[in-house]
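Working notes, structure below.
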Amino acid sequence: MENEMPDQKKRPPAVKLFALAALFGVIAGAAAVYVKETGSGNAGAALTAADASCALSAEKVAAATPLMRGQVAAMTPAANPRPISELGFVGAGGKPLTLASFAGKTLLVNLWATWCLPCREEMPALNALQKALGGDRFEVVAINIDMGDDEKPRTFLDEIAVHDLGYYRDSSMGVFNTLKKEGLAFGLPATLLIDEKGCLIGSMNGPAVWDSEDAKRLIQATLGVPAAG
């Protein structure tokens, strides 16, 4: 967003990333056309409305909202926190997973593809965020939605030395299509911030500098970690 440009002198890498963000409208439109509506395993995984299980998550949304600024200013707080846990994809070795498989962890869920240039640019930052904050309480769940086999996405990750992220895939693009129907994904990259109960805290369309201090403070606020200083 033009009124939220990063400090170019402090963080030069952001210049390149946010220049790409200026092209996002074109890329998002192309991705929306390119992504096919498929009969995937997520077809019946409609996201449910806010319920009692997410009642306390409203407090986390309130705590996180003031920190959706700077490098993560494109994050939009959830108006009504609701559970998002049944989205299906696969892990390493083709193991079936859903977001419920990560119960108890705060998640930054990122949908990406090798043909999406802003996605490719932000993968090292997502890797750095996982390396810095990942553990028993938090994980970056980056889900690749390339069609076809694993060769292209795995080769790309190896080429850019992204080794701290878990390997997650949905070649059916069902995760994207489900989130698109729910108004949470319009193109790529698309990112969700989900608390340890599986409730939506915020969503973002477009790239961000995920290894920035702004991003780390947002994640820490969702984890309930007091702000430093």
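The values are calculated or read from the model by the stated rules, or taken from the named source; none is laboratory data. Given the structure is predicted, the values throughout are model-derived calculations rather than measurements. Every residue, glycine among them, receives a Cβ derived from its backbone with ideal geometry; neighbour counts consider all protein chains shown. Accessible surface areas use protein heavy atoms only, side chains included; no ligands, DNA or RNA. Shrake-Rupley method; radii C 1.70, N 1.55, O 1.52, S 1.80 Å.
Quick one: in the stretch 74-87, which of the residues that are open to solvent by 30 Å² or more (accessible area, probe 1.4 Å) and in a loop (DSSP other than H, G, I, E, B) is modelled with the lowest pLDDT?
Looking at the filtered set, the residue picked out is S85.
From the list R120, R154, R137, exactly one residue is under 17 Å from G91 (Cβ atoms) and open to solvent by 40 Å² or more (accessible area, probe 1.4 Å). Which is it?
R154
Which helices (runs of 4 or more DSSP H) sit wholly inside the stretch 151-229 and have at least 1 residues that are under 17 Å from Q71 (Cα atoms)?
Values: elements: 151-159, 174-181, 213-223.
By residue number, 213-223.
Scan the stretch 136-159 for residues that are within 20 Å of A208 (Cβ to Cβ) and without any contact (Cβ under 8 Å) to a residue 40 or more places away in the chain and jot them down.
Listed by number, the residues that qualify are E139, A142, N144, L157.
Among the numbered criteria (1) outside any loop (DSSP other than H, G, I, E, B); (2) within 16 Å of the chain's Cα centre (by Cα); (3) under 23 Å from A103 (Cα atoms), which one does A125 miss?
(3)
Let's see how each residue does on (1) open to solvent by 30 Å² or more (accessible area, probe 1.4 Å); (2) at pLDDT 95 or above; (3) in contact with a strand residue (DSSP E or B) (Cβ under 8 Å, 6 or more places away or on another chain):
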position: I160; (1), (2), (3): yes, yes, no
position: F176; (1), (2), (3): no, yes, yes
position: L188; (1), (2), (3): no, yes, yes
position: I194; (1), (2), (3): no, yes, yes
position: M204; (1), (2), (3): no, yes, yes
position: L218; (1), (2), (3): no, yes, yes
position: G224; (1), (2), (3): yes, no, no
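Only one of A92, A132 is touching an Asp or Glu at 6+ places or on another chain (Cβ under 8 Å), open to solvent by 10 Å² or more (accessible area, probe 1.4 Å) and in contact (Cβ under 8 Å) with a residue 40 or more places away in the chain. Can you tell me which?
A132
Which of the residues spanning the stretch 162-174 are surrounded by fewer than 19 Cβ atoms within 10 Å (Cβ to Cβ), closer than 18 Å to K95 by Cβ and of a type outside the set (S, T, Y)?
G166
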